[in-house]
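Worksheet: the structure to be examined is printed underneath.
Derivation of every value follows stated rules applied to the coordinates shown; laboratory data play no part. The shown structure was predicted, so the numbers you read here are calculated from the model rather than taken from an experiment. Ideal geometry is used to build each Cβ from the backbone, glycine not excepted, and the neighbour counts take in all protein chains shown.
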2 protein chains.
Amino acid sequence: MSAPHGPTVGDVTEGELLARILAVLAGASTAVVGPGDDAAVLAAPGERVVVTTDTLVHGPDFRLAWSTGYDLGFKAAAVNLADVAAMGARPTALFVALAMPARTTVAFVTDLACGLRAACDRLAPGCAVEGGDLTASDTLTIAVTAVGVLDGRAPVLRSGARPGDVVAVAGNLGAAARGLAVLFDRFRDPEGIPVAVDPGVLDVAARADLAAQLRPEPPVALGPAAADAGATAMMDVSDGLLLDATRLADASGVTIDLSGIPDGPALRGGEDHALLATFPAGASLPEGFRLVGRVRDRRVAAVIVDGTPPSGPGGWDPLRDWDAVRG
Amino acid sequence: MSAPHGPTVGDVTEGELLARILAVLAGASTAVVGPGDDAAVLAAPGERVVVTTDTLVHGPDFRLAWSTGYDLGFKAAAVNLADVAAMGARPTALFVALAMPARTTVAFVTDLACGLRAACDRLAPGCAVEGGDLTASDTLTIAVTAVGVLDGRAPVLRSGARPGDVVAVAGNLGAAARGLAVLFDRFRDPEGIPVAVDPGVLDVAARADLAAQLRPEPPVALGPAAADAGATAMMDVSDGLLLDATRLADASGVTIDLSGIPDGPALRGGEDHALLATFPAGASLPEGFRLVGRVRDRRVAAVIVDGTPPSGPGGWDPLRDWDAVRG
């Protein structure tokens, strides 16, 4: 997964680089006015839009030895698409602010654009990159803003869970965290410096975990499906089920009583980008959701796991937990 | 303009820092669902929204010796509000992705939030920060996405200028570039390293230029006013009038014939965030716009200045022109 060779962004003008990116994105726009003007114009049926933003930064969020441009574009899109889905909305547009060192290759940037486009095509058909910004920086940074529409649905908030509701999850729990452990354990040199990934040395399970870390595929279409099925609360699980269930429980003023989730990455690992939702008891869950618990009246503990309040660290805090030395 | 002291973002959790930021923003939200969930929900009257994104990066775009957190928040908001206005739209929401080193002080971040809020209150009342993202990074980066609504207007594109139209500008041309020259000429030490700004040593004109560079006040309300007055094309002048008029002329397939703009910063300086617009001949220009030329049939030169195609560099290209050594 070494970086591509060829000309760098320092060798070309902004206009030339933009033309290369737009060639990758050509034909995908679904906007009223797509890329190229001061701003894009998007359709907003139902007179409401959903907007969210999330950033990947070289160092805390990714390493170039481990991720290709394609991986980074795919992941930057996917994590934002998941946040739109978690409101019960359908993503329609991405806006991408890319800040990069002059040594970044043009091929890396077009590969990143391919990854953005592939994530939209695969996870949220009809969604496309409709605008962005290119800037020089010492640190490669990909800030994505995603926009979605509700198609007449009410948004599904974190605060709507009620005692008696069932708790359900769609998507993979723990795989992304296990994939990160594979990178740290298997693909660093004796000094701890990341080295290129060779998937050939991994078994099938480890390869799947690695893919979940590098190119996550959140169940974006299940967000609107959950809203249609009557979901009372929903959120994207990005910082570990335990921490995010605590947030949903606190926002709703309830206790989430989980069962059958083993302690470890599935409970505490980050970057799952699964959907955590609550539904009225007896609701027919959309295919892809599985029951993981019940909503209770609020107790002292916001979350209970198999009858006991969990102890120990609850998830990933980017400001507290990022250690520039360890990486 | 030295950085504030006190605890750093490395000393607090993400939740604590977010609470400090939200305290600054409290009461400003005008959204259906404001900050705090997976995504914001915004009203979109007329079933269309305008979206744009623009980033400020430490080094190419600002220096901490020269800009306070307040200045940076104000400028990051202002440059995006100008892009929304340039479509004929009214800004309603900002989304802010902030990536910052662990040594950044909490006071700097809350100061930045104050600047974001102040720019909205002053330039686009009713617009507020409705969401964002906090990340660790080696390079302080502020990526802002702005959303606006058209209130039933058609968007004003770059491509609508027609021969016979008049060309008009609203806002200040050249001041921001002169302000940048003041910083480079007056506030660097003998080794060229930026030092703190002391406005007391400057005359009134230089202080105004400096303010235009550090805290630009684009004529945001004049964007919708121009649309209502029948503007046929419009854009934000961010890379110098000459380069941006060339872009508008190329998009419209016309030649822009400018007159009375002196060569120098007013013609070639960046970061004006003025509005360049074309109107049908005889249209009543909104107060704040002044005539600067005529739209002609397309000739070889996209832009003519006082009868002559201009020569020499045409504006600022962030990838070509940023020199990490000079700064």
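Here the Karplus curve 6.51 cos²θ - 1.76 cosθ + 1.60, taken at θ = phi - 60°, turns the phi angles of the range B:156-161 into couplings of 9, 9, 6, 9, x, 5 Hz, with x standing for Gly and Pro. Ranked from shortest, the separations from the 7 Å Cα-to-Cβ label point of A:G264 to its equivalents in the other copies are 7.2 nm. Using Cα centres only, tell me the gap between the range A:77-143 and the range B:194-212 in whole Å. Spelled out, the Cα-based centre of one part sits 39 Å from the other.
In terms of the Cα gyration tensor, with a ≥ b ≥ c the square roots of its eigenvalues, is the range A:142-192 rounded because a/c is under 1.5, prolate because a/b exceeds b/c, or oblate? Oblate is the answer for the range A:142-192, as a/c is 1.5 or above yet b/c matches or exceeds a/b.
Judged by the gyration tensor of its Cα atoms, with axes a ≥ b ≥ c, the range B:45-134 is prolate; a/c meets the 1.5 cut and a/b is the larger of a/b and b/c. The sum of -39500 (n - 2.57) across all DSSP H runs of n ≥ 4, divided by the residue count of chain A, sets its helix-only mean residue ellipticity at 222 nm to -9000 deg cm²/dmol. Near the amide H of B:D61, within less than 5 Å, lie no amide hydrogens of residues on another chain or at least 5 residues away, with H placed in the peptide plane.
The distance from the alpha carbon centre of the range B:241-291 to that of the range B:19-62 is 30 Å, rounded to a whole number.
Taking all Cα pairs closer than 8 Å and separated by 6 or more residues, the relative contact order of chain B comes to 22 percent.
Annotation: amide H of A:G240 within the under-5 Å range of A:E271, A:D272, sequence separation 5 or more or interchain, hydrogens built in the peptide plane. Shortest first, A:G230 label-point distances to identical copies amount to 5.7 nm, with the label point at 7 Å from Cα along Cα→Cβ.
Other protein chain C-beta atoms within 10 Å of residue C-beta, averaged over A:27-38: 5. For the range B:88-94, putting each phi into the Karplus relation 6.51 cos²θ - 1.76 cosθ + 1.60 with θ = phi - 60° gives couplings of x, 9, 9, x, 10, 7, 10 Hz, in residue order, rounded to whole numbers and with x for Gly and Pro. State whether the range B:66-108 is rounded, prolate or oblate according to the following rule on the C-alpha gyration tensor (a ≥ b ≥ c being the square roots of its eigenvalues): a/c under 1.5 gives rounded; otherwise a/b larger than b/c gives prolate, and the remaining case gives oblate. Taking the square roots of the gyration eigenvalues as a ≥ b ≥ c, the range B:66-108 is prolate. Quick one: which residues, 5 or more positions from A:A233 or on another chain, have an amide H under 5 Å from its amide H? H modelled 1.01 Å from N in the peptide plane, none for Pro or chain starts. Sorted by chain and number, the residues that satisfy this are A:T278. Taken as entire DSSP H runs, the helices of chain A that both span 20 Å or more between Cα atoms along their own long axis and average -0.5 or more on the Kyte-Doolittle scale are A:69-85, A:106-123. Rounded to whole Å, the principal axis extents of the Cα atoms in chain A read 61, 54, 33, largest first. Inter-copy label distances at A:S159, using a point 7 Å along Cα-to-Cβ, come to 4.3 nm with the shortest given first.
Shielding value for B:52-62 is 6, the average number of Cβ atoms from other chains within 10 Å of each residue's Cβ. Among A:201-207, B:12-18, B:208-214, A:127-133, the peptide with the highest mean count of other Cβ atoms within 10 Å heads the list, and the full ranking is A:127-133, B:208-214, B:12-18, A:201-207. Sequentially through the range B:231-240, phi angles give Karplus couplings (6.51, -1.76, 1.60; θ = phi - 60°) of 3, 8, 8, 7, 7, 7, 8, 10, 10, x Hz, Gly and Pro residues having no value and appearing as x. Among the residues of B:6-15, the average count of other protein chain beta-carbon atoms within 10 Å of the residue beta-carbon is 3. Here B:D11 and B:A196 are evaluated by their C-beta separation; at R0 = 25 Å the FRET efficiency comes out at 0.55. Cα convex hull, the range B:173-217: 66 Å³ per residue, rounded to a whole number. For Cα pairs less than 8 Å apart in space and 6+ apart in sequence, what is the mean separation divided by the residue count of the range B:9-149, i.e. the relative contact order in percent? With pairs under 8 Å counted, the relative contact order is 39 percent.
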